[in-house]
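See below for the structure under consideration.
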Amino acid sequence: VRVPRATMSSGSDMLTKQRWAVVGNHAKNPVVERITNRLRSHGKEVHRVNSPGKSMPPAEFNFLGECPSPIDVVDVVCNPAMGMKVVEEALSLGIKAMWFQPGADDPEVVAKARDAGIETHCGCVLVDLPERREANL
């Protein structure tokens, strides 16, 4: 069975999706938490997942499969070796979209996801999703 090759996304369609998993080192990389908070500020349901092989708070889950609801988009914020493991787990779970942050966007990792039919985007959520400003009332 040949799996149709997915395309690179502009990211705007992914940003309309509601259920996200941010995979990275939530304890040591402040950018991971900023991404999580930015998505949540836009009303997204966001699950914090540790990088493969890590098990530490404040992440709620050690694996994508532990998340309580189906994931629309996996945001990868880890090195390429760990990113490859995240792609493999996403494939096993039937996840359809993956966002690769700068530094996680290794061409081989992204190609593995795309060639398996996962929609991919390489970019920074903090750039592509504007900061929410509270209205002055």
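The values are calculated or read from the model by the stated rules, or taken from the named source; none is laboratory data. In this text the structure is predicted, and so the values were computed from the model without any measurement. Cβ placement follows ideal geometry from the backbone for every residue including glycine, while neighbour counts extend to all protein chains displayed.
Quick look at the numbers
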quantity: Test: residue in the range 102-112 that is acidic (D, E), loosely packed, with under 14 Cβ neighbours inside 10 Å and modelled with pLDDT of 95 or more; calculated: yes
quantity: Residues of the range 34-85 satisfying the condition of being exposed (fewer than 14 other Cβ atoms within 10 Å of the Cβ), part of a loop (DSSP other than H, G, I, E, B) and on the phi < 0 side of the Ramachandran plot; calculated: S55, M56, P57, P58, P68, S69, P70
quantity: Single unsatisfied condition, T120 versus (1) within 17 Å of K17 (Cα to Cα); (2) part of a helix (DSSP H, G or I); (3) among the hydroxyl-bearing types (S, T, Y); calculated: (2)
